[in-house]
Amino acid sequence: MRQEKVQYFTEKEEEFVNLLIDIGTGKTIAIVLVFLANTKEVTSRAIERGADLRQPEVSLALKYLKERGWITTRESSPTHKGRPTKNYALAMPISEILDVIEKEKKDKVKKQLALVKKMKDFL
């Protein structure tokens, strides 16, 4: 039987996840993003175990992050018989990802304020 090292969130990392959720990021996406921010490269199975998520949740979050260009995927040869494993890592520093999120939030607020102004013009 082989042993694996499982990583878990610290209190600070859990707070980071909660802040991402509070600004509107999906819970699973926030958890996976913070997990990846604190690892160099990791398998989806390691994310499942360390973040206490189910496989479909991790897959959907990774798909979302990949579509945004925030993560990279690398296949590695299997150590035993079987399929190659995929390793995931952030494609850019977490600070750049937060800059993108900040810009999106600012744009959304600007649009909403423009709508409020337009409503006031009706009065």
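The values are calculated or read from the model by the stated rules, or taken from the named source; none is laboratory data. For clarity, every value in this text was computed on a predicted model and none was experimentally measured. Note that each Cβ is placed from the backbone with ideal geometry, even for glycine, and that neighbours are counted across all protein chains shown.
Scan the stretch 69-114 residue by residue and report those that are outside any helix (DSSP H, G or I), of a type in the set (Gly, Ala, Ser) and more than 23 Å from LEU19 (Cβ to Cβ). Give the derivation first.
Step one: list which residues in the stretch 69-114 are outside any helix (DSSP H, G or I), which gives 69-93.
Checking which are of a type in the set (Gly, Ala, Ser) leaves us with 69, 76-77, 82, 89, 91.
Of everything in the stretch 69-114, those that are outside any helix (DSSP H, G or I), of a type in the set (Gly, Ala, Ser) and more than 23 Å from LEU19 (Cβ to Cβ) turn out to be SER76, SER77, GLY82.
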So the check is Cβ under 6 Å with 6+ separation or different chains; which pairs have a first residue in the stretch 75-101 that's at pLDDT below 90 and a second one that's of a type in the set (Lys, Arg)?
GLU75/LYS86
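Does at least one position in the stretch 17-33 carry a residue that is of a type in the set (Asp, Glu), surrounded by 12 or more Cβ atoms within 10 Å (Cβ to Cβ), without any contact (Cβ under 8 Å) to a residue 60 or more places away in the chain and assigned to a helix (DSSP H, G or I)?
no
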